[in-house]
Each structure stands twice: as C-alpha cells, then as structure tokens.
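Asker: Below is the structure I would like to discuss, written out as structure tokens.
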Amino acid sequence: MIPRIAITPGEPGGIGPELLVQLAQQGHRAQLVAIADPALLADTAQRLQLPLAISKFSTESRKPQAPASIQVLPVRLQNPATPGRLDPDNARYVLDTLKAAADGCLDDTFDAVVTGPVHKGVINDAGIRFSGHTEFFAEVAGVDKVVMMLAADDLRVALVTTHLPLAEVSPAITPANLTRTLEIVDSAMHRQFGIEKPRISVCGLNPHAGEGGHMGREEIEIIEPVMALLRKRGMDLTGPLPADTLFTPPRLADADAVIAMYHDQGLPVLKFKGFGRAVNITLGLPFIRTSVDHGTALDLAGSGRADCGSFRAALAQAISMAAR
C-alpha cells in the first residue's frame, strides 16, 4: 500500500512553506498531503518561481505524489503571512494544522506526519501555552510519556527530558521517567527500526557520570538501579557513561541508540554530525511523527536559499517507518 503522509509546514512566516514547495518539486513514493492554507503555498511557489499544482485532498484514492504537485487539506490563515515576520494572530493556525494532522493519524487517514519548524515564542506570545511538537502530540494522543529522538546517519540520540530549564532537569530524572524512556526506546528500536536486540548506551547526568558520588548522586541513586532492573528484563544497556566518553567513535560503534539526560547533553553532538540531514522522531505515540532538525530560520525566509535537506530526510524516514 502507498503510504499517505501528512505534512505541516509550521510557522507561516518561516522557511517551512518554501521547504515544502521545494520538496514537492520531486515525485515521491508516497501520497503527500499538506495541511496548510492553499493560498500560502501558491504565493510561496510564485515567489520562488517554481511550478506547483495544488489540488484538494480526497481520501478516495492513494497515488504517489507527482513532481511539482501537492494535495492540500485546507486550514486558513488568520492573516496573510509575510516571510521573515512573526504574527501572533496566526499562532492558532499553526496549532490547527498540527491538530488536524494528529487527528488524521489517529483515525488512520494518514500513516504518518512530517512537521516543519514552529516558533514556540510567537505561540506563547499569543497567550497559548506551548512547549513543542513533542508535548503537543502527546496531549492530543492522550499518552503520558513520549520520547524525543534525533537521528543522523547511524547515530540516534533520545532524551529523558526535553524542553526544560537546566535547573529543573535533575528533579525530572526520576526512576519512573527513566524507566519509561528506556522502555519506549527499546520497543521502538524493535518495532519501528527492525533491530532485533537493540544496544542502548546511557549517559550519566553529571560530569564523569558523578565520579562515584563526588560530583552528584543521581547515577548511584537513580540511573544505575533502573538500568540494573531493566537488564534483568532482557534489555542490552551500557552505562551510565560520561557523555564526553560515550560520544566517541569506539563507544558509538557499539550502540544502536544513545540516551541523553537532557536536551543540550546529546543534541549538539547529533547536530554537529548531521545538521541539515538529521531527523527528529517522536517515539511512544500511537502514530509515526518525524520532523526537521532546525528552527524557523526567519532570516532565510523569503530568500530562496533555504535548504530542504532535513525536510527531505524527515519525509524519507517517515515513509520508511510507515512501510514496515
């Protein structure tokens, strides 16, 4: 069966709409459905001087996406978008596109969703509490725990905590949170990546993984006991290891996935390795969600210089996962 992939371009004043128009210039072995304002896509294609045939999405057929075309599930902007400018009045539009994509995945209209970059600040400026795609989709799907994973080439990094101030990270490293993270990652490696016995390496929280308790006790009191319990259940876990040791080629060669305790512990390494072709994957949802590894790049919006490499990689990852 041909996968049907929903795509949300994200912040209308950012680079997402033009990345989608670039992406649609090629044919794909899936049916692509943009959840967006058709006028926004038409205006973007005209500005980029790229051809784009826009048709209204219908569930009646599944056909691979033809070059220079896109099907659209319409969601209307509140105000016309200006490249490079944020408009809080369009914040609700962004969330409506995400909600439509999630609902379509939950009722099996779509096999996966690929998301473009959003601007958290402008959504919050509109008076809407929003901390990111990951948390939004978890709430819509009614799940209490999801895991953010970024992948580039053969490196996969998953996070125990996501968008938290650094001062709040340690209290969030609880036995329950760490256990669920490891369970979700192990399960996803089996089901969505086809790895029979995943090898998972785990970072410590503190420098030198706590150095025997002299630089923090989270490793001794929380991380090591959780890992010992899960090893008894059959998981192949290594660590906790200092992050500056774990993220070296010899260590990474022995890992199918790496667990980092917080956002900036693991993602700088991942993005250094594969920025522009990395993919953000949300694990633990009842549907497949991938995304780009970058932000809205307001300074590039409207310039025609935005690179859709990460968007292309996110789409390829979603198609591959949906085909399993």
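The values are calculated or read from the model by the stated rules, or taken from the named source; none is laboratory data. Predicted model only: the values in this text are computed from it and were never measured. Counting neighbours? That spans all protein chains shown, and the Cβs are built from the backbone with ideal geometry, glycine included. These area figures cover heavy atoms from the full protein model, side chains too; ligands, DNA and RNA do not enter into them. Shrake-Rupley method; radii C 1.70, N 1.55, O 1.52, S 1.80 Å.
Asker: Classify the range 1-121 as rounded, prolate or oblate, taking a ≥ b ≥ c as the square roots of the eigenvalues of its Cα gyration tensor: rounded when a/c is under 1.5, otherwise prolate if a/b is larger than b/c and oblate if not.
Answerer: oblate
Asker: Still on this structure, I have one more. Considering the Cα trace of the chain, what is its radius of gyration and what is Dmax, both in angstroms?
Answerer: Values for the chain (Cα only, Rg and Dmax): 20.1, 63 Å.
Asker: If Lys and Arg each add +1 and Asp and Glu each add -1, what is the summed charge of the other residues whose beta carbon sits under 10 Å from the beta carbon of residue 302?
Answerer: With Lys, Arg at +1 and Asp, Glu at -1, the net is +1.
Asker: Using +1 at the Cβ of each Lys and Arg and -1 at the Cβ of each Asp and Glu in the chain, identify which of 82, 25, 45 lies farthest towards the dipole's positive end.
Answerer: Looking along the dipole axis, the top candidate is 25.
Asker: Among 63, 99, what's the order by accessible area (1.4 angstrom probe), most exposed first?
Answerer: 63, 99
Asker: To the nearest 10 Å², what's residue 321's accessible area with a 1.4 Å probe?
Answerer: Solvent-accessible area, nearest 10 Å²: 10 Å².
Asker: Quote the charge dipole size of the chain about the Cα centre in Debye, to the nearest 20; the model charges only the Cβ of Lys and Arg (+1) and of Asp and Glu (-1).
Answerer: Dipole magnitude for the chain comes out near 780 debye.
Asker: Under the rule a/c < 1.5 gives rounded, and otherwise a/b versus b/c splits prolate from oblate, where does the range 261-308 land using the Cα gyration tensor?
Answerer: Here the range 261-308 falls in the oblate category.
Asker: Could you tell me what fraction of 2.2 N^0.38 Å the Cα radius of gyration of the range 184-324 comes to, as a two-decimal ratio?
Answerer: In units of the globular-protein estimate, the range 184-324 measures up at 1.20.
Asker: Which value in nm describes the separation of the simple spin-label points at residue 128 and residue 167, placed 7 Å from the Cα toward the beta carbon?
Answerer: With each label point 7 Å from Cα toward Cβ, the separation is 2.9 nm.
Asker: Kindly provide log₁₀ I(q)/I(0) values, in the same order as q = 0.23, 0.33, 0.34 Å⁻¹, from the Debye equation applied to equal alpha-carbon scatterers of the range 129-173.
Answerer: The computed values of log10 I(q)/I(0) come out as -0.94, -1.16, -1.17.
Asker: When ligands, DNA and RNA are left out and all protein chains stay put, how many square angstrom of accessible area per residue does the chain have with a 1.4 Å probe?
Answerer: 43 Å²
Asker: From Cα pairs below 8 angstrom and at least 6 apart in sequence, can you work out the relative contact order of the range 202-324, rounded to a whole percent?
Answerer: 20 percent
Asker: Solvent-accessible area of residue 303, probe 1.4 Å, all protein chains present, reported in Å² to the nearest ten, please.
Answerer: About 50 Å², ignoring ligands and nucleic acids.
Asker: So if R0 is 25 Å, what FRET efficiency would residue 323 and residue 109 give, r being the distance between their Cβ atoms, rounded to the nearest 0.05?
Answerer: 0.90
Asker: Here is a further query. Which shape class, rounded, prolate or oblate, goes with the range 42-88 when its Cα gyration tensor gives a ≥ b ≥ c as root eigenvalues, a/c under 1.5 marks rounded, and past that a/b bigger than b/c marks prolate?
Answerer: Judged from the Cα gyration tensor, the range 42-88 comes out oblate (a/c at least 1.5, b/c at or above a/b).
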